[in-house]
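Take a look at the structure set out below.
Values in this text are rule-based calculations from the coordinates and carry no lab data. Bear in mind the structure is a predicted one, so any value in this text is a computation, not a measurement. Every residue, glycine as well, gets a Cβ built from its backbone with ideal geometry; the counts of neighbours run over all protein chains shown.
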Amino acid sequence: MSRRSIKSISSDVDISGIFRRYSELSFPIDSGILFDCGRPIELEIGSGKGRFLRRISDEILDRNFIGTEVSLKYARYAASRLLNRSCGNAVVICCDAARLLEEWIPDNFLYGVHVYFPDPWWKRSHRKRRILRAEVLQLIERRLISDGILHFRTDVEEYYQSTLELISQHALSLDIFDVNVSENLPEDESDYNTNFERRTILNGEKVYRAKFKKKPIFQ
Ligand SMILES: C[S@@+](CC[C@H](N)C(=O)[O-])C[C@H]1O[C@@H](n2cnc3c(N)ncnc32)[C@H](O)[C@@H]1O
């Protein structure tokens, strides 16, 4: 699916409280600097226009949410959707999520990871650029807490099947527990999870969904 252009967020709009560049992060992660108070943290990879981040952070007030987006224009746009909220439980970081997972997030830390409609990199020779490649899946597995959940949705059947296969080969503690393929129309416009999900469903195409739970670690 091709991408529509978005308008740039004017530099007059103050998103400083909810937007960070990778180079501005303090190491190690300090949630006291990012959020108004400490709560369990969930991460979204590839927030795009930020529809999911806005919705989930309005709905679930006892969690903090970090949206990651590699495109500066989209990251600023997603952050602007978080303006004018009373709860400071969501931020957008403009970065490569794989690098953030590798360098900034500790093991057994994230309560959830959300990956919705990741770029498909169609050509076989480009598939190594996919965000859900073996080494990133292993990082996600390590960074999740026991019982933490990886949520994955795509409109690309081949990406879906190959991710299930990669997880079963390389991320053995991630158990699949909710699989669902559908083209159901949500009852309400606000029920669409992300912008790509909305477009997929309105085009009459299928959405492939899966959730994986990290098995508890017994020592
Ligand atoms: C196809 S769009 C989907 C956006 C959104 N999740 C949705 O469903 O509407 C994929 C998004 O992931 C972003 N992205 C791609 N690689 C990324 C990476 N390594 N780290 C963070 N974001 C990434 C892209 O810039 C793009 O905004």
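Structure data summary
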item	result
Centre separation in Å (Cα based) which lies between region 98-131 and region 34-74	15
C87-R199 FRET efficiency (beta carbon distance; Förster radius 41 Å; 0.05 resolution)	0.90
Extension gain from S125 to E157, taking 0.36 nm per residue of separation minus the Cα-Cα distance	9.7 nm
Simple Cβ-charge dipole of region 78-219, Lys/Arg +1 and Asp/Glu -1, about Cα centre, in debye nearest 20	460
Nitroxide proxy distance, nm - points 7 Å out along Cα→Cβ at F177 and S11	4.8
Neighbour count of at most 12 Cβ within 10 Å plus DSSP loop: longest chymotrypsin sites (Phe, Trp or Tyr not before Pro)-free window in the chain	1-121
Those GluC sites (Glu not before Pro) in region 146-219 that DSSP places in a loop and that have at most 16 other beta carbons within 10 Å	E183, E187, E205
Among beta bridges that DSSP assigns inside the chain, antiparallel share in %, nearest 5	40
Lysines whose Cα lies under 29 Å from that of K123, excluding same-chain neighbours fewer than 8 positions away	K49, K73, K206, K211
Estimated inter-spin distance, E135 and H170, nm [label 7 Å along Cα→Cβ]	0.9
Principal axes of the chain: Cα extent on each, largest first, Å	48, 45, 36
Modelled FRET efficiency - R0 22 Å, K73 with E24, Cβ distances, 0.05 increments	0.80
